[in-house]
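Peer 1: Here it is, the structure in full.
What follows is calculated from the coordinates using simple rules that are stated; it is not laboratory data. This is a predicted model, so every value here is computed, not measured. Cβ placement follows ideal geometry from the backbone for every residue including glycine, while neighbour counts extend to all protein chains displayed.
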Amino acid sequence: MPKGIRKDPRRDEFAAMVEEMQRSAQLDLEGAKVQIAEEIHLAMERQGVTKVELAKRLDTSRAYVTKILQGTANFTIESLTKIARCLGCSWEVKLAPNSLEPRALKPIQRRQAGRRPDCDMRNSRRRHSKP
């Protein structure tokens with residue numbers, strides 16, 4: 001910076017805010033991928049479907065199924081629908097309003113009415129847990 005020109009602290013604050021928003025957006029994306037992968041994994045467990053079997057049903061490689069389950073696959077609506085159909089399930093998409101509370105501190109609210117019990121992946125741990 002040339003001599004005599006003062007650095008504006010508001011510029012640094014703004015840059016920090018923009019960087020934080022970008023990190024937050026990336027965190028949301030990664031969180032969604034992990035949640036999708038977990039739901040697919042739980043559906044596979046309930047039905048006793050292996051990675052090899054899902055790969056055959058999807059007509060793809062076992063390596064791609066591994067990417068799906070790791071949450072590193074770049075899902076499309078088409079690929080998600082195909083995966084769900086191969087597992088005898090369907091997707092429910094729900095947009096929830098953002099809040100200023102950190103996600104880790106918010107209780108998870110589950111909608112019970114209208115869910116298909118065979119594909120209700122959020123409650124499957126409780127239903128399928130061993131004593």
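Peer 1: Tally Lys/Arg at +1 and Asp/Glu at -1 over every other residue whose Cβ is under 12 Å from the Cβ of V49; what's the total? Provide the component values of the computation, followed by the final result.
Peer 2: On the way: positive: R46, K51, K56, R57; negative: E45, E53.
Residues close to V49 contribute a combined charge of +2.
Peer 1: Now for a different question. Using each residue's phi in the stretch 7-21, evaluate 6.51 cos²θ - 1.76 cosθ + 1.60 at θ = phi - 60° and report the 3J(HN,Hα) Karplus result to the nearest Hz, with x for Gly and Pro.
Peer 2: With the stated coefficients, the stretch 7-21 comes to 7, 7, x, 5, 5, 5, 4, 5, 4, 5, 5, 5, 4, 5, 5 Hz.
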